[in-house]
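For reference, the structure discussed in these notes is given below.
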Amino acid sequence: MITLSSDFGSPYPAAMKGVVCRESDARIEDVAHDFPRQDVRAAAFWLTQTLPYFPPAVHCVVVDPGVGTDRAALVVRAGGHALVGPDNGVLVPAARELADGGDFEMFEWTYDDPASTTFHGRDVFAPAAATVHEAGVDSVESLTQTVPADEWIDLRFPDPIVRDQGATGEVLVIDGFGNVITNVPGESVTDAFGESITVGGERVPVRRAYAAVDPGDRLVTVGSHGNVELAVNQGRGDEAFDIETSAPVELTW
Amino acid sequence: MITLSSDFGSPYPAAMKGVVCRESDARIEDVAHDFPRQDVRAAAFWLTQTLPYFPPAVHCVVVDPGVGTDRAALVVRAGGHALVGPDNGVLVPAARELADGGDFEMFEWTYDDPASTTFHGRDVFAPAAATVHEAGVDSVESLTQTVPADEWIDLRFPDPIVRDQGATGEVLVIDGFGNVITNVPGESVTDAFGESITVGGERVPVRRAYAAVDPGDRLVTVGSHGNVELAVNQGRGDEAFDIETSAPVELTW
Amino acid sequence: MITLSSDFGSPYPAAMKGVVCRESDARIEDVAHDFPRQDVRAAAFWLTQTLPYFPPAVHCVVVDPGVGTDRAALVVRAGGHALVGPDNGVLVPAARELADGGDFEMFEWTYDDPASTTFHGRDVFAPAAATVHEAGVDSVESLTQTVPADEWIDLRFPDPIVRDQGATGEVLVIDGFGNVITNVPGESVTDAFGESITVGGERVPVRRAYAAVDPGDRLVTVGSHGNVELAVNQGRGDEAFDIETSAPVELTW
């Protein structure tokens, strides 16, 4: 199986699908093609939330603001999966999740001048993913286009500061529902379920489910990602909390 | 085959796909993941317009404003298909269509506390759909997690009043083109093809095809769903008729 | 394999998928369902950019402003592929690409009155694609519903005027990134890589990659389609150049 992830919108991913279908018999599943444009951190986050649910597969990821420059192309082997994409950090957090505490291995995928300087998803990464799939994840080192990568760009999400009486965190991403996903671990607030904490100084109820407050009301919950989430039942948390990606989040309990 | 339908947008459905791929070999086809958010009636309508065209399959449907509350999870068997989703009515109209006048059977899918209280699509419904698929639609009662459901929430679309000289109906949904889909049966107006009727007191031509009027002009037609539709050739009917979902529709002929 | 392309948005394509799954075992891959509404030229362009990357397949294309009128349905055989869609030109440029300088063959798909006059994607083209797929692309003439088409609507993109010192072209389409794709061949400007040309009288750098200029800065590049493209690094070219589809483009070098 090959999964495809990008910020390409439509219809560019179809050319990648065609290339994969020509060069392998792999089943294709789309993860998403509407990641926020050229937002490496947001894409990296969403990959940690989606790829670990798949069985071992080759994951082709193209969020690539440096397309056409000399940034490297990588193949990462982690927990029986392979990730293929640009060397800008986008693959790393998901690789850590897939390795599940173990090691992951980095290879550079070297390539001749591709047909385009603007669409490496079609001309570099889709062919690389198909080749890795056909050779098998265990055989990456036997592919003559790969060499062990001794340097690569890391990406880590910012660490929150969790204290006895509160936490200082940051908004990692905002999802399509407007739910505000922070970097504060959910277990910080589970003792407060049914009660309230303060968010930026204002008291907000902490609940297990959106529907535990009235439609339109704000709540703090623990999202499916395991982090503290600022939300509104049947509404948008980002608007109700007037907050955006990368903004600081101050919680007290 | 497992079909997936939700109001999750992107990228949450990818986690559901991953779970299905890990727990079954089923082919996956997406129906839609952009149903209007938490709009059970609209989703129920669109399922009646799409699921009956599929061969027998397991249809996993997650439009679930009550996620995390004690609402039940259901498996419905109808006409060789199985529908899996929350007990809020969303599955029922499609089940009636799939049963094609026959009976459908309701089972409750019981589950232990899932990993999340906000993403039962990933943690409850996708695993349930994969399990039903692997066991086979005929074996639902043998799955130890299911019990016959003796109570469940029904959902019926409102009935129109059709008279000799007109009809009083309601807007069921508006599609992405802006076509206004009413609950008035199309056969009410087929005698008027080539002529006109009044909509809210104004005369509008009744035509078999959008292109039978000039671009930008209003028409009444019979949509692919078999109901009376208020439309504009190459334009938006909802704007031209200034009408929205659930609004009354008064037709005279 | 059957690919699906349309301007239907969601969820109408799901009914087409269901029909295809009922009538064939073909693998289905979506090309796009968000082509600009009823914009035959834009769809025709995008098909030239996507279908040639697929292995031989049946491509079902529905961008069909004339649905329900007496416009013909076509099956086109080109380079081992078959294209199925309305006779409005939308299939022709991709057929030329797939034929790769060779001939392509046009057949009319004749059909009885379909269930709907507004959704031939479901009632005419999806069944036709499934039938062609099951019969095989080499057997189109043996299908009793097809007859050689002696007349059909052609579609050609406008030719640019390329001179020694510049070119007069036109905007073909604008992609989802806001990149302005012209009909001026890319080789016209490759000598200017690293230098600048004028666009509408203003000097703009010509670069191989978006990232070769600062974020927010304009550039001229050669897109993955091989044509001259007006773009902004990490921004929208259409807004920065204040230009839209079909507008003239005046370049001097």
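Taken together, the values in this text are just the output of simple stated rules run on the coordinates, not laboratory data. Source: prediction; values computed, not measured. For neighbour counting, all protein chains shown are included, and Cβ atoms are generated from backbone atoms with ideal geometry for every residue, glycine included.
Computed on chain A, with alpha-carbon pairs under 8 angstrom and 6+ residues apart, the relative contact order is 15 percent. Taking the dipole about the Cα centre of the protein assembly as shown, with the C-beta of Lys and Arg at +1 and of Asp and Glu at -1, give me whichever of C:His33, A:Met16, A:Ala192 is farthest to the positive side. The one lying farthest along the dipole's positive direction is A:Ala192.
Starting from the Kirkwood Rh over alpha-carbon pairs, what translational D in µm² s⁻¹ does the stretch A:54-124 have by Stokes-Einstein at 25 °C and 0.890 mPa s? Write out the running numbers ahead of the final one.
Working: Rh = 12.5 Å.
Value of D from the Cα-based Kirkwood radius: 196 µm²/s.
Spin-label pair B:Ala115-B:Arg156: with each label point 7 Å from Cα along the Cα-Cβ axis, the two points sit 4.2 nm from one another. Over all Cα atoms in the protein assembly as shown, the spread is summed up by Rg and Dmax: 26.9, 81 Å.
Here the sum of -39500 (n - 2.57) over DSSP H runs of 4 or more residues, divided by the residues of the protein assembly as shown, equals -5000 deg cm²/dmol at 222 nm, to the nearest 500. Take A:Thr168, move 7 Å from Cα toward the beta carbon, and the resulting point lies 6.4, 6.4 nm from the same point in each other copy, nearest first. Between identical copies, the spacing of A:Asp214 label points, each set 7 Å from Cα toward the C-beta atom, reads 5.1, 5.1 nm from nearest to farthest.
Relative to the Cα centre, what is the charge dipole magnitude of chain A, using +1 at the beta carbon of each Lys and Arg, -1 at the beta carbon of each Asp and Glu, and rounding to the nearest 20 debye? Write out the running numbers ahead of the final one.
Numbers: 16 positive and 40 negative charges, 110 e Å.
Using only the charged Cβ atoms, the result is roughly 520 debye.
Comparing A:Glu23, A:Glu170, A:Glu187 in a Gaussian network model of chain A (Cα springs below 10 Å), the most mobile by mean-square fluctuation is A:Glu187.
Computed from Cα positions, the angle between helix B:12-23 and the longest principal axis of chain B comes to roughly 40 degrees. Cβ crowding within 10 Å ranks A:Phe104, B:Phe125, B:Phe107 as A:Phe104, B:Phe107, B:Phe125, fewest other Cβ atoms first.
As a rough footprinting exposure proxy, the listed residues C:Asp30, C:Asp164, B:Asp103 were ranked by other beta carbons within 10 Å of their own, and the order from fewest upward is C:Asp164, B:Asp103, C:Asp30. Along the axis of the charge dipole computed for the protein assembly as shown (Cβ charges of +1 for Lys and Arg, -1 for Asp and Glu, origin at the Cα centre), the listed residues A:Phe157, C:Pro148, B:Pro114 are led at the positive end by A:Phe157. With a Förster radius of 56 Å applied to the beta-carbon distance between B:Glu105 and A:Asp214, the computed FRET efficiency rounds to 0.95. Exposure proxy for C:Glu239, A:Glu97: other Cβ atoms within 10 Å of each Cβ, ordered fewest to most, give C:Glu239, A:Glu97.
Rounded, prolate or oblate: which one fits the stretch A:2-148, using the alpha carbon gyration tensor with axes a ≥ b ≥ c (rounded when a/c is under 1.5, else prolate when a/b beats b/c, else oblate)? Rounded, since a/c falls under 1.5. For the stretch C:2-148, averaging the sequence separation of C-alpha pairs within contact (under 8 Å, six or more residues apart) and dividing by the residue count gives a relative contact order of 26 percent.
Normalised by the number of residues in the stretch C:7-68, the mean separation of alpha-carbon contacts (under 8 Å, six or more apart) gives a relative contact order of 38 percent. Shortest first, B:Pro148 label-point distances to identical copies amount to 6.5, 6.5 nm, with the label point at 7 Å from Cα along Cα→Cβ.
Dipole magnitude for the stretch B:1-114: computed about the Cα centre from +1 point charges on Lys and Arg Cβ and -1 point charges on Asp and Glu Cβ, it is near 240 debye. Judged by the gyration tensor of its Cα atoms, with axes a ≥ b ≥ c, the stretch B:175-253 is rounded; a/c sits under the 1.5 cut. Under the classification rounded if a/c is under 1.5, otherwise prolate if a/b is larger than b/c and oblate if not, where does the stretch A:1-66 fall, given a ≥ b ≥ c as square roots of the Cα gyration tensor eigenvalues? Since a/c reaches 1.5 but b/c is at least a/b, the shape of the stretch A:1-66 is classed as oblate.
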